[in-house]
Every structure is written in C-alpha cells, then in structure tokens.
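For reference, the structure discussed in these notes is given below.
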Ligand code: PDD
C-alpha cells in the first residue's frame, strides 16, 4: 500500500501525500457516494454499468457527475496494471464547506478520489463461508451506493464477532442483501434473489449472474424471499465485485444443503470466470 498512487482532485499522488481537509463533507457527514469496480488483468469489468450506477447515486444525492464516461476512463488508465487483478475504488463527496452545516453548501467543488488496489481470489470462495442473519437496521435508501456505511459496518462486525464472514440482512421477515453483498438462494431448484426494489443495492455482480442464468437456461427468479424459505435453501451465495460469488455453507449455525459449496455455485462460478475472460 505504501507506494500506491492515487488520483485526488485532478492529480496523481503517492498515497501518503493525498490529503483532504477536515471540513470535507465526506469526513464530517459521510456526504458522498462511491463505486468499487473490478479490473481483470488491466481490463475494467462492466465499466458502463458501474458508471451508470455512479450516475444514479449522484443524481439521488443531488450532485453533478464531475466527469464524462470517457474522462473517467482516462482517469482510471494510469492506475491499472496488466499482470494483476485489481479493484478500483472511486469516491465523490460533496466537497469542502466553510462551516459545518447539514444543508448543502453553495458553490463547492466535489472531492474526487480514485484508488486501485490488487485483489487476490477470496479464500472463502473455495471452502464456503459461515453467515448469520441479522435485522436490517439500515435506512430506506439502500439503492444509493453511499459512503455512509456505519450500519453496514456494525452489521458486518457483528457477523465477524459471531465467527461468520457475512451478515445476511432481514427486513420485516424477508431477505434484503448482505452487509456488503447481494444474496442468492437455490430453493426448490430455482436460483432466487431478492427484488431490486430500493431496499438493496443493484449489484453489478448480481446482474451478471442473472444474465448468465438466462443465457444458460438456469431457472431463476427475482422475488421476495422469506427467512423461512432461506432456511430451506439447498445453496446460498453472497456476491460482490470484490468477492465475486461466495457460497454460504452454514447459516445461523446450521448447514446449508450438505454443508459444502453446491453444484450450481460451481457451475455459475465457471460461467463467471469465462465471462471475465471474454470481457
Ligand atoms: N460492496 N450490496 C451492498 C450493500 C454492497 O456493499 C455491495 C458491494 C453489493 C454488491 O454490489 P456489486 O456486485 O456491484 O459489487 C451489494 C462493495 C464491494 C464494497 O462496499 O466494498
């Protein structure tokens, strides 16, 4: 990390020299949005979809996108290396205000940060992970990829404290998503995932999986999933750009299926790896 170069407000700087004001609204209020974009051997995966989601997040928090898609591409390029898999982290805050006030400041320039770090395959992918169900204590605007992540952080930490790698969140008896992932379950032979209805982040990995299911005649459905149905699932997965597809082999201390990564996980992971290669 020490020799990492980052992009901050128009400049490429060593990480140690990248500084922002304590008056930045991202720091004071968590007033900003972000994206995490996977890069495979120098090729940015699903860039259009990620930039579209960024645009949606910015619109929802009433900030203008400071760059066009072409400009974003140009900003990313110097941070990429061709011999590694990486993760691009992009964050935009409302910028630096003169005083701390909840209301939007007038005429501020957004703060823009882009960093790119190396990623290795997530170990839990091969063995499966344990997950715990927790009450979804987050706000109603979970479709916005906001940097305001305190609820997600507390939920993920609670899962870790219970010896699990992820929290699966339940709102009024129904599954929403993971603390930092979307959720899939195989129930009665159908690959199911909760509806994209504002209570979840519209995961790009989720979309890729649904696309691959459709292309490969895998029965799937976007629908409400009650906690009781999740408990009957033969497979459960959590998905994200950094972890791809991770099988959950134990939920709330009970085995999922036979307690090993399931056959549909293996098939979908193979399809996803091929999709990455082809992109
Ligand atoms: N998070 N839901 C939540 C709450 C998330 O934080 C994420 C990813 C996802 C999956 O989205 P995608 O497939 O587009 O990565 C769903 C990122 C990786 C993070 O916060 O680091």
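The values are calculated or read from the model by the stated rules, or taken from the named source; none is laboratory data. Just so we're clear, the structure is a prediction, and the values are computed from it rather than from any experiment. Cβ: placed from backbone, ideal geometry, glycine included. Neighbour counts: every protein chain shown.
Details
- Test result for residue 130, in contact with a strand residue (DSSP E or B) (Cβ under 7 Å, 6 or more places away or on another chain), modelled with pLDDT under 95 and away from the ligand (no atom under 15 Å from the Cβ): no
- Taken together, the residues in region 243-263 that are more than 21 Å from the chain's Cα centre (by Cα) and buried (at least 23 other Cβ atoms within 10 Å of the Cβ) amount to 2.
- Check on residue 142, in contact with a strand residue (DSSP E or B) (Cβ under 6 Å, 6 or more places away or on another chain) and assigned to a loop (DSSP other than H, G, I, E, B): no
- One residue stands out among those in region 94-127 that are in contact with a helix residue (DSSP H, G or I) (Cβ under 9 Å, 6 or more places away or on another chain) and within 16 Å of the ligand (Cβ to nearest atom): the one that is farthest from residue 59 (Cα to Cα), which is 125.
- Extreme residue, farthest from the ligand (Cβ to nearest atom), among residues of region 158-176 that are assigned to a helix (DSSP H, G or I) and touching a strand residue (DSSP E or B) at 6+ places or on another chain (Cβ under 7 Å): 158
- If you go through region 96-112 and keep only what is in a loop (DSSP other than H, G, I, E, B) and closer than 18 Å to residue 33 by Cβ, you end up with 97, 102, 104, 105, 108, 109, 110.
- Looking at region 1-86, the strands (runs of 3 or more DSSP E) lying wholly inside it that each contain 2 or more residues that are more than 12 Å from residue 112 (Cβ to Cβ), in the same structural domain as residue 101 (by TED's automatic domain parsing) and in contact with a helix residue (DSSP H, G or I) (Cβ under 9 Å, 6 or more places away or on another chain) sit at 32-40.
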